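The values are calculated or read from the model by the stated rules, or taken from the named source; none is laboratory data. Everything numeric in this text was worked out from a predicted model, so none of it was measured. Cβ atoms come from the backbone with ideal geometry, glycine included; neighbour counts cover every protein chain shown. For the accessible areas, the whole protein counts, side chains as well, though only heavy atoms, and no ligand, DNA or RNA atoms are used. Shrake-Rupley method; radii C 1.70, N 1.55, O 1.52, S 1.80 Å.
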Amino acid sequence: MPSPPIEQVWTPLEIGVRADQRYANPYTDVAVSATFEHESGTRHEVPGFWDGDGEWRVRFAPTEPGRWTYEVDSDSDDPGLAAGGRFEAVASAGSNPIRSHGFLEPDGRQLVHDDGTPFFWLADTAWSAGAKASTEEWERYLSARGDQGFNVVQINALPQHDASRPWDRLPFGESWVLEDPDPAYFQALDDLVAMAHDRGFVPALVALWFNYAPGTWPDWDGERVRHPFDPEQAARLGRYLAARYGAFGPAWLISGDTNYEADDEAALDVYDAAARAIGEGVTHPLRATHMIGGQSTPERVADRDWLDFNCYQSGHTPDLDVPADVATECRSRGEAPVVNGEPPYERMEFIDGDGQRIDRETARQAAWLSVLAGANAGVTYGAHGVWPWHRDGERFGGADFWGMPDPWDEALQLPGARDYGRLREFCERFAIGELEPRQDLLAGDPDLVRAAELPADDAVVVYAATVEAVELAAAELEAAIEDGGSVSWIDPAEWSRVPASVDTADDRVTVAPPPWEGDGLLVCRR
């Protein structure tokens, strides 16, 4: 008997089968699935997907080394859709953290890999890439974002309604028949997701943006961009997406820019159907909702059995109290990771900002305020031009209130991206999953200043959006500093560090401001 093929753990393998029969609608009429069994008895059942003509495929990433067997079958009597085999899985040979440590899952307030290795979510927003980016463009994009320190990329699985136009490809053709997908669209998305996974990025895929659910927002730019799914269609799409992309270890954003109004049961039914189908089709479900700006996860959604982490949007407002306040509210929903999935985008115009553009400093301030307020599982960056995948000469329907975007490849180099990369570096030096917001450590109620404790590191971190003297009211900090603790300022823009001047008189710790203007990060090590 020949030796079984060798596969790597946490790396997608693909099994193809070809139908002997013809089907009127292979997307709706036939369900293919496969069972994978490890020699230890571990079993995973994953769906397959139709990939055009008479072809079906199954994708699976082995979750542990050792001998595996598999069986592929369908709910039809078609012998062509049945197969079986075996393979040997071995540890990954490369440095890809997903393949070395496994897919993501929640663990208390933090995200971790399957082996327990902590993961800090630093995402970039490329909502529109799925329907627009070429593989050559995507290669350039991933190379730049990798160099800048990102490890997650947020993509809409279906065309983004407010992308720059034209879309380069459509998932259901020009007629948008939701029972008739175009495999070529999803094959192109396959390439983008696989390229991201190969380079160590976690794909964060949106299943259904608000315009694909009933009873939500109005049309965009005078065009018909609303294509609402019903629960059956949403479940079918969820199963299909899980089958195509689950082996790449994605996170799933079930909704996009959704407000979940209390009387909007129709939309919630659709999102429930998609979320549960995805959860049943992948080995490591990691699901959240991407909320409308300024809103935390509603209680009616936080109670859903499928919600694995909170992903809020602080939005594109000049009010920098919002990023921290919504993080605090999300954190109150329960013991789950919190991510700010959309802070202010660099170079976008503020909402009601009279044409003022969001600068690097504002984008950075929102990120630090979010993390120290409780979004310590991670944060997302956005550049105005990248998210709509704008190219020179294209039309952007939101120019009247977001401002005209820069070309995506120019926006890719905006300086705020490096600031977010430094934030991730800082957070990964600490046990950030155990961060506890501690506004009580501050004397008074200073504006746009956030304090947090890192108990495992015996440290306190304070971020001030505008550097000024910081007064700490905690007597234990005074004792620790006098006992040899260190206090230093970090410049979040230049990433320079200077010792802080400290006065411990009058039962308070008063820290003099650093020698620069702008924002500052104060680190107190006991």
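Numbers at a glance
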{"item": "Qualifying position, being open to solvent by less than 50 Å² (accessible area, probe 1.4 Å) and either modelled with pLDDT of 95 or more or of a type outside the set (G, A, S) (or both), among P79, P65, P26", "result": "P26"}
{"item": "Failed criterion for P181 (all others in (1) open to solvent by 10 Å² or more (accessible area, probe 1.4 Å); (2) in a loop (DSSP other than H, G, I, E, B); (3) modelled with pLDDT of 95 or more hold)", "result": "(1)"}
{"item": "P405 vs. criteria assigned to a loop (DSSP other than H, G, I, E, B), surrounded by 14 or more Cβ atoms within 10 Å (Cβ to Cβ) and more than 27 Å from the chain's Cα centre (by Cα)", "result": "no"}
{"item": "Residue count, the range 113-126 (criterion: open to solvent by 50 Å² or more (accessible area, probe 1.4 Å) and assigned to a strand (DSSP E or B))", "result": "1"}
{"item": "All positions within the range 332-360 that are at pLDDT below 95 and within 22 Å of the chain's Cα centre (by Cα)", "result": "S332, R333, G334, E335"}
{"item": "Output for the range 290-310, where each listed residue is buried (at least 23 other Cβ atoms within 10 Å of the Cβ), at pLDDT 95 or above and touching a Pro at 6+ places or on another chain (Cβ under 9 Å)", "result": "F309, N310"}
{"item": "Any chance D73 is farther than 26 Å from Q8 by Cα, open to solvent by 30 Å² or more (accessible area, probe 1.4 Å) and acidic (D, E)", "result": "no"}
{"item": "Residue, nearest to A302 (Cα to Cα), within the range 250-288, restricted to residues that are open to solvent by 30 Å² or more (accessible area, probe 1.4 Å) and among the aliphatic types (A, V, I, L, M)", "result": "A262"}
{"item": "Residue within the range 130-147 that is over 20 Å from G385 (Cα atoms), crowded, with 23+ Cβ neighbours inside 10 Å and touching a strand residue (DSSP E or B) at 6+ places or on another chain (Cβ under 6 Å) present", "result": "no"}
{"item": "Candidate set: the range 431-446, residues that are of a type outside the set (A, V, I, L, M) and either closer than 13 Å to V461 by Cβ or out of contact with any Asp or Glu (no Cβ under 9 Å at 6 or more places or on another chain) (or both); chosen: the one modelled with the lowest pLDDT", "result": "D445"}
{"item": "Tally, over the range 152-173, of residues that are farther than 13 Å from Y212 by Cβ and either touching a Pro at 6+ places or on another chain (Cβ under 6 Å) or open to solvent by less than 10 Å² (accessible area, probe 1.4 Å) (or both)", "result": "7"}
{"item": "Those residues of the range 34-56 which are touching an Asp or Glu at 6+ places or on another chain (Cβ under 6 Å) and either over 24 Å from G279 (Cα atoms) or among the polar types (S, T, N, Q) (or both), in sequence order", "result": "T35"}
{"item": "Selection count, the range 343-386, where residues are over 29 Å from P437 (Cβ atoms), open to solvent by 10 Å² or more (accessible area, probe 1.4 Å) and in contact (Cβ under 8 Å) with a residue 60 or more places away in the chain", "result": "1"}
{"item": "Boolean, L414 is open to solvent by less than 60 Å² (accessible area, probe 1.4 Å), assigned to a loop (DSSP other than H, G, I, E, B), closer than 18 Å to P343 by Cβ and modelled with pLDDT of 95 or more", "result": "yes"}
{"item": "Sole residue being over 18 Å from D272 (Cα atoms), touching a residue at least 24 places away in the same chain (Cβ under 8 Å) and among the β-branched types (V, I, T), chosen from V301, V326", "result": "V326"}
{"item": "Every pair of residues 6+ apart whose Cβ atoms lie under 8 Å, when the first sits in the range 485-513 and is under 21 Å from D458 (Cβ atoms) and β-branched (V, I, T) while the second is open to solvent by 60 Å² or more (accessible area, probe 1.4 Å) and assigned to a loop (DSSP other than H, G, I, E, B)", "result": "V511/S501"}
{"item": "Residue check for D230: touching a helix residue (DSSP H, G or I) at 6+ places or on another chain (Cβ under 8 Å) and touching a residue at least 40 places away in the same chain (Cβ under 8 Å)", "result": "yes"}
{"item": "Criterion: under 30 Å from V379 (Cβ atoms) and modelled with pLDDT under 95 - qualifying residue of S95, S100", "result": "S95"}
